[in-house]
There are 2 protein chains.
Amino acid sequence: MTGAAPRRRGRPARKEADTGPGARERILEAARTEFAERGYDKTSVRGIAKAAGVDPALVHHYFGTKDEVFAAAIEVSFEPANVIPAVLGEGTEGIGERLARFFIGVWESPATRAPLLAIIRSAMTHEAAAKVLRGFVLRRLLERVAAELDVPDPKFRAEMAASHMIGIVILRYVIQVEPLASADPEDIIELVAPTLQRYLTEE
Amino acid sequence: MTGAAPRRRGRPARKEADTGPGARERILEAARTEFAERGYDKTSVRGIAKAAGVDPALVHHYFGTKDEVFAAAIEVSFEPANVIPAVLGEGTEGIGERLARFFIGVWESPATRAPLLAIIRSAMTHEAAAKVLRGFVLRRLLERVAAELDVPDPKFRAEMAASHMIGIVILRYVIQVEPLASADPEDIIELVAPTLQRYLTEE
């Protein structure tokens, strides 16, 4: 600390913690929690800023609008850099099982389940959130997976595989219908893996 | 019209139209429209009664609570008497394609799509609606389908088949991700039918 920095005109002074390298991550963390706990409607940039201990202007500065904060907050869950190697790293042999295992694994962990539930619920009920999911995330991820496939209409195939996993998630974790809600994850993976394998690799 | 009927104590007089055989159907029709247009939260027994042109007491008399009106309103869409013959009428040979065709057909029709969307959206965001879907509908329908199957763990199999169809519906009609949103229904049926067939018939 070498004394106060000179104030710039038109921009409020900030504490150092506000603009440090940790601020961006704290905002994203706060945004995930806020969207998960309050839902899309009731979450505001102001509320996210408060939870992260920063000025709302900083949230706008880093991310822009509420939609853009939402996109950034959920992007990590669908980050191609995280998903692609786990699923496609070893080529398309066994891809059905790896995809099923990765997807179920993410949902079995309570830490990742809560924000994902918030995303799905928001996208089901708010066009703005659906648009974010469609544009920033699903398309980006599906296109990357589809690019690795050697089947006719690979994007359609990748989406059909995704649809099955999403349906399982909804019946198991959201609506919680038995016996699927209490089924052993391995039983789900065993049944669904050949389906995904067929969609992603067979003509 | 032979003059006014004697008033019974403790019960308001009703116009004839209120209690005629058409009243029950009008209430259900109004309930489906209200739940579809307003969502689960904002729909009330009073609002349904007003839309049907009857006294709220009659809605309670026929159906009970708001949850019970919801259950009755959506039951038609999942009525085993309607679904089972269409899907299981010809045994399990070709059941995968018939199930896929029936399900997509119901969703391709705008008249049945709107109330179904309302059901799914409500069940995703309100535990009360999820409970209704779970208890009255999915269980009842899935158990009937499962009873016809000759596979290990038939309820689990029937639910896994249902999960795929529900996932397709959500990506295609709710979140509207391309290319699935604009895909030819026949292409969906062609890809998914063998999956459903395997789940419902193969050990």
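For this structure, a couple of remarks:
- Pairwise FRET efficiency - residue A:148 versus residue A:186, Cβ, R0 = 25 Å, nearest 0.05: 0.45
- Copy-to-copy label separations for residue B:25, where each label sits 7 Å from Cα toward Cβ, in nm and ascending: 6.5
- Shape annotation for region A:16-64: C-alpha extents along the principal axes are 30, 16, 15 Å, from largest to smallest.
- Most fluctuating residue given options B:171, B:88, B:28, as computed from a GNM of chain B linking Cα atoms under 10 Å: B:171
- Estimated 222 nm signal from helices in the protein assembly as shown, with DSSP H stretches of n ≥ 4 weighted -39500 (n - 2.57), rounded to 500: -21500 deg cm²/dmol
- Listed residues A:31, A:147, A:130, most fluctuating in chain A (Gaussian network, C-alpha, under 10 Å): A:147
- Pairwise centroid distance, computed over Cα atoms, of region B:167-203 with region B:53-73, Å: 35 Å
- Under the span-like rule (Cα at least 15 Å along the axis, Kyte-Doolittle mean at least 0.5), DSSP H helices of chain A: A:66-78, A:110-125
Each value in this text was obtained by applying a stated rule to the coordinates, not by laboratory testing. All of these numbers come straight from a predicted model, not from anything done at the bench. Here Cβ is always computed from backbone atoms with ideal geometry, including for glycine, and neighbour counts include all displayed protein chains.
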